[in-house]
Protein chains: 2
Amino acid sequence: MDKNLTEYKSADIIIKDKKILDIGTNKAEKFSGKTIDASNMIAIPGLINAHTHAAMTLLRGYGSDNPLKVWLEEYIWPIENRFVSYEFVKDGTDIACYEMLRNGITCFVDMYFYEEAVAQRVKQSGMRAVLCTGILDFPSPGAKDSKESLEKTKDFIAKFKTDEQIYPCVGPHAPYTCSPETLEKAMEIAFEFDTLFHIHLSETEFEVEQIKDRYGATPIKHLDNIGILNDRILAAHVVHPTEEEINLMAEKDVKVAHCPESNLKLASGISPVPQMLKEGITVSIGTDGTASNDDLDIIGEISTAAKLHKGFWKDPTLLNAKQALLMATREGAKALRLEDKIGSIEKDKYADIVLIDKNTPHLQPMFDPYVQIVYSGKGLDVDTVIVGGNIVVKNKDVINIDKNYILDRASYWYKKITENT
Amino acid sequence: MDKNLTEYKSADIIIKDKKILDIGTNKAEKFSGKTIDASNMIAIPGLINAHTHAAMTLLRGYGSDNPLKVWLEEYIWPIENRFVSYEFVKDGTDIACYEMLRNGITCFVDMYFYEEAVAQRVKQSGMRAVLCTGILDFPSPGAKDSKESLEKTKDFIAKFKTDEQIYPCVGPHAPYTCSPETLEKAMEIAFEFDTLFHIHLSETEFEVEQIKDRYGATPIKHLDNIGILNDRILAAHVVHPTEEEINLMAEKDVKVAHCPESNLKLASGISPVPQMLKEGITVSIGTDGTASNDDLDIIGEISTAAKLHKGFWKDPTLLNAKQALLMATREGAKALRLEDKIGSIEKDKYADIVLIDKNTPHLQPMFDPYVQIVYSGKGLDVDTVIVGGNIVVKNKDVINIDKNYILDRASYWYKKITENT
């Protein structure tokens with residue numbers, strides 16, 4: 001997935017000190033060390049999930065099929081207020097990391113609460129993650145208001161700023177839950193510490209109307225009006241941008257995390273991704289949380305995206321297989337401001353590599369590997385996952401997370417939630 | 001998936017002479033025989049794929065991402081004309097049966113060529129299938145015109161009419177490839193032998209325009225005008241019905257095989273399924289062939305359907321998880337005219353049962369099994385498949401099809417096709 005989309009029919013990938021030292025045919029001869037035989041595999045870069053709320057695995061599918069207002073007000077929010085704690089986030093993140101690694105995801109962007117717990121579990125799992133606490137003007141798990149969240153965000157960034165697995169950032173939840181002042185302060189922190197600024201933006205028509213009512217502008221224009229629309233922003237969803245807003249995002253190099261399955265399931269709508277790509281906007285792909293998706297499978301997500309936009313915009317050439325895989329790899333890395341570190345299998349980048357078992361009937365015959373991965377591939381076809389040179393999934397087994405332990409914890413939370421609601 | 005959607009928290013299913021003898025709590029005590037311990041499993045009826053072209057596995061993903069005309073005229077049709085043979089269909093069907101069984105599909109509707117080869121391979125695999133030769137007015141693999149196809153159809157039906165695995169039927173390809181005379185003759189055969197009548201109908205806007213030009217009516221109305229719109233019809237796709245046509249289908253009890261992923265990938269459009277369900281039409285679900293999907297995964301397909309219609313019609317309560325699973329089970333059986341034999345786990349129906357391994361992190365915690373299967377489940381979560389009381393998939397291994405053999409055949413056809421095109 002390098003700039004030329006170089007394809008190697010048969011090649012060696014040399015890994016040293018967490019990074020890719022070299023790649024090409026017959027490169028291994030002059031090196032010694034541990035070898036992985038990947039003859040029946042396709043090697044692709046580790047997949048990047050550009051937007052999720054990992055710990056929400058513990059609310060997987062909860063309150064599905066209800067109107068949005070009922071789902072949020074009668075299911076999700078009351079449960080979050082009662083149960084979300086350091087312990088909840090720790091256990092939920094474990095399940096999420098297991099599922100993501102099993103599906104070939106090596107790096108994800110998380111916005112939730114108790115991000116110290118997330119950071120701890122991510123490091124244990126061997127993954128990478130871009131993490132931020134969701135900043136809201138009202139009380140939220142772990143903080144009484146946005147002032148406290150902003151302070152915690154600073155501390156969190158300071159603590160992990162030089163970590164090689166954790167990339168801390170600033171996460172104001174959305175323009176309808178954060179005042180202009182909160183958003184401005186959040187952006188100041190992003191500049192002060194040189195981080196990403198992650199936000200939900202233009203997700204629903206309701207949000208668009210609400211922001212127009214309050215501030216006299218649509219959400220993206222609103223951010224521009226208060227002077228914070230810039231290239232640090234990774235905006236999740238962006239389902240309802242106006243044409244003017246698309247041009248604005250292109251001009252200011254705002255990045256988008258497209259979450260098609262969540263947008264469909266919550267009936268938010270269908271994002272104009274082909275138009276944004278045409279304008280040169282960096283569009284990455286995210287699963288969103290499992291309460292609104294309900295899985296953490298990026299191959300499934302790009303497959304949905306690639307088909308959805310063809311059907312909805314009535315053009316079968318839109319979002320082809322290469323573009324779809326780019327969203328989950330190199331474009332994803334760019335969206336996370338990590339394009340010099342991950343997103344492709346190239347010299348000097350981290351050795352974050354996924355091996356897909358191609359010796360399976362549903363991937364054969366393979367006329368085009370991109371097409372086969374995107375339209376026929378499954379997250380569960382991933383056989384081996386390497387992050388920073390360490391093997392973290394082998395023969396489809398996730399190495400650093402105890403499956404039975406996390407299933408026990410899922411069972412514990414299931415009982416706790418169902419017995420107390 | 002019975003009429004009351006009865007859920008058993010813990011139950012025994014008693015199987016005798018291919019059928020379900022009894023079901024309920026502590027029913028096993030008075031019986032002896034082989035036992036399957038399914039304590040960590042969910043038992044659901046065998047899944048039904050209501051529309052596919054099985055042997056097209058050998059063209060999986062071929063020519064993807066091209067405009068429809070280019071895809072058909074430069075990729076699919078020339079390849080089919082050159083390569084489709086008894087041998088091709090035999091090998092392609094093996095791969096399809098493997099993939100379908102692995103994904104919990106126990107019965108499928110196939111329209112292709114050399115259906116004797118399909119029947120032979122289906123019987124070998126242990127599955128059930130409703131099979132028809134695609135009837136076209138022009139030359140097609142195995143027949144020079146529709147007259148020959150109609151004759152072959154009669155012979156095929158006569159041969160398999162009493163088979164317990166193969167349900168032969170009549171398959172005129174579409175109103176734009178079959179004259180009114182051909183359609184009428186096809187319907188006569190369906191009446192004569194009391195079979196299903198399977199047809200592609202109202203798939204693309206182009207088809208609708210073409211039929212309007214030729215016959216002065218939209219496709220479904222056209223079938224009504226020539227006097228053959230009735231309850232034997234299982235219509236694949238139905239993407240562009242008018243309101244009048246929806247009412248007509250409801251009145252005449254025409255069944256629909258919804259193929260959302262194919263309709264998206266080929267940019268055919270999005271079928272008004274919620275409206276058809278509201279009018280009481282039986283809507284089943286199909287994958288279509290793997291050249292336009294590109295997999296044979298019914299859990300994936302109902303997941304797409306359940307999300308797509310919420311997002312497209314902007315209502316998160318549409319096509320809920322139970323309705324989605326019904327499309328793949330009881331409603332599927334009804335669409336195939338097999339509702340007295342399959343589609344639910346009920347006394348006196350065939351023991352076609354799928355066991356899903358629920359002890360996996362991406363299915364836990366499980367607040368609602370329907371929700372979890374539809375939105376988080378994967379075909380690959382299927383652990384055990386039973387058809388007519390016979391175990392055909394065990395511990396995720398397909399028993400009656402040799403994986404290495406079919407991979408070799410895929411490789412053979414890959415070489416043959418790529419070296420000669």
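Show the residue pairs that are 6+ apart or on different chains and have beta-carbon atoms under 6 Å apart, the first residue being within region A:81-104 and in the same structural domain as A:C132 (by TED's automatic domain parsing) and outside any helix (DSSP H, G or I), the second being modelled with pLDDT under 95 and open to solvent by 10 Å² or more (accessible area, probe 1.4 Å).
The qualifying pairs are A:V84/A:P141.
Among the residues of region B:41-71, write down those that are in contact with a Lys or Arg (Cβ under 9 Å, 6 or more places away or on another chain) and facing another protein chain (nearest Cβ under 10 Å).
Answer for region B:41-71, where residues must be in contact with a Lys or Arg (Cβ under 9 Å, 6 or more places away or on another chain) and facing another protein chain (nearest Cβ under 10 Å): B:L58, B:S64, B:D65.
Which ranges mark the helices (runs of 4 or more DSSP H) fully within region B:202-292 that have 2 or more residues being within 26 Å of B:P180 (Cα to Cα) and touching a residue at least 12 places away in the same chain (Cβ under 8 Å)? So that I can check it myself, show each step before the final result.
Details: elements: B:205-215, B:219-225, B:243-252, B:260-265, B:273-278.
Per the criteria, B:205-215, B:219-225, B:243-252.
Say whether the condition of being surrounded by fewer than 22 Cβ atoms within 10 Å (Cβ to Cβ) and either among the charged types (D, E, K, R) or touching a strand residue (DSSP E or B) at 6+ places or on another chain (Cβ under 9 Å) (or both) is met by at least one residue in region B:258-276.
yes
How about region A:365-380: which of its residues are open to solvent by less than 20 Å² (accessible area, probe 1.4 Å) and under 22 Å from B:D91 (Cβ atoms)? Talk me through it step by step, then tell me what you get.
From region A:365-380, those open to solvent by less than 20 Å² (accessible area, probe 1.4 Å) are A:365, A:370-377, A:379; that's our starting set.
Passing the criteria: A:P365, A:V371, A:Q372, A:Y375, A:S376, A:G377.
Do you know which residues across region A:97-108 are within 9 Å of chain B (Cβ to nearest Cβ) and surrounded by 24 or more Cβ atoms within 10 Å (Cβ to Cβ)?
A:Y98, A:E99, A:N103
Taking A:V84 as meeting all but one of (1) at the interface with chain B (Cβ under 10 Å from one of its Cβ atoms); (2) out of contact with any Lys or Arg (no Cβ under 6 Å at 6 or more places or on another chain); (3) within 21 Å of A:C132 (Cβ to Cβ), write down the number of the exception.
(1)
Where residues in region B:169-186 are within 18 Å of the chain's Cα centre (by Cα) and open to solvent by less than 10 Å² (accessible area, probe 1.4 Å), which of them is nearest to B:E205 (Cα to Cα)? Walk me through it before giving the result.
Keep residues of region B:169-186 that are within 18 Å of the chain's Cα centre (by Cα), which gives B:169-174.
Now narrow it down to the ones that are open to solvent by less than 10 Å² (accessible area, probe 1.4 Å): B:169-172, B:174.
Numbers: B:C169: 27, B:V170: 25, B:G171: 22, B:P172: 20, B:A174: 14 Å.
The qualifying residue nearest to B:E205 (Cα to Cα) is B:A174.
How many residues, within region B:9-60, are modelled with pLDDT under 95 and buried (at least 24 other Cβ atoms within 10 Å of the Cβ)?
Residues that pass the stated criteria total 0.
Among the candidates A:A306, A:A324, which residue alone is under 30 Å from B:G92 (Cα atoms), at the interface with another protein chain (Cβ under 9 Å from one of its Cβ atoms) and not charged (D, E, K, R)? Reasoning before the result, please.
Values: A:A324 fails: at the interface with another protein chain (Cβ under 9 Å from one of its Cβ atoms).
Criteria check complete, one pass: A:A306.
For region A:107-164, give me each residue that is within 23 Å of A:C259 (Cβ to Cβ) and without any contact (Cβ under 8 Å) to a residue 24 or more places away in the chain.
The answer is A:S149, and nothing else.
Table: residues versus (1) at the interface with another protein chain (Cβ under 9 Å from one of its Cβ atoms); (2) modelled with pLDDT of 95 or more; (3) within 24 Å of B:C97 (Cβ to Cβ); (4) open to solvent by less than 30 Å² (accessible area, probe 1.4 Å).
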{"residue": "A:V382", "(1), (2), (3), (4)": "no, yes, no, yes"}
{"residue": "A:D397", "(1), (2), (3), (4)": "no, yes, no, no"}
{"residue": "A:Y405", "(1), (2), (3), (4)": "no, yes, no, no"}
{"residue": "A:W413", "(1), (2), (3), (4)": "yes, yes, no, yes"}
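Which condition number does B:D194 fail, the rest of (1) part of a helix (DSSP H, G or I); (2) over 25 Å from B:L325 (Cα atoms); (3) of a type outside the set (A, V, I, L, M); (4) open to solvent by 40 Å² or more (accessible area, probe 1.4 Å) being met?
If we test B:D194 against (1) part of a helix (DSSP H, G or I); (2) over 25 Å from B:L325 (Cα atoms); (3) of a type outside the set (A, V, I, L, M); (4) open to solvent by 40 Å² or more (accessible area, probe 1.4 Å), just (1) comes out false.
Which one of these is touching a residue at least 12 places away in the same chain (Cβ under 8 Å), outside the structural domain of B:G389 (by TED's automatic domain parsing) and assigned to a loop (DSSP other than H, G, I, E, B): B:Y176, B:Y167?
Numbers: B:Y167 fails: assigned to a loop (DSSP other than H, G, I, E, B).
Result of the check over B:Y176, B:Y167: B:Y176.
Just the residues that are surrounded by 24 or more Cβ atoms within 10 Å (Cβ to Cβ) and free of Cβ contacts under 8 Å to residues at least 60 places away in the same chain, please, taken from region A:320-339.
Those that are surrounded by 24 or more Cβ atoms within 10 Å (Cβ to Cβ) and free of Cβ contacts under 8 Å to residues at least 60 places away in the same chain: A:A324, A:E331.
The values are calculated or read from the model by the stated rules, or taken from the named source; none is laboratory data. Nothing here was measured: the structure is a model prediction, and the numbers come from that model. Here the Cβ is made from the backbone with ideal geometry for all residues, glycine too, and neighbour counts use every protein chain on show. Surface areas here come from the heavy atoms of the whole protein model, side chains and all, with no ligands, DNA or RNA. Shrake-Rupley method; radii C 1.70, N 1.55, O 1.52, S 1.80 Å.
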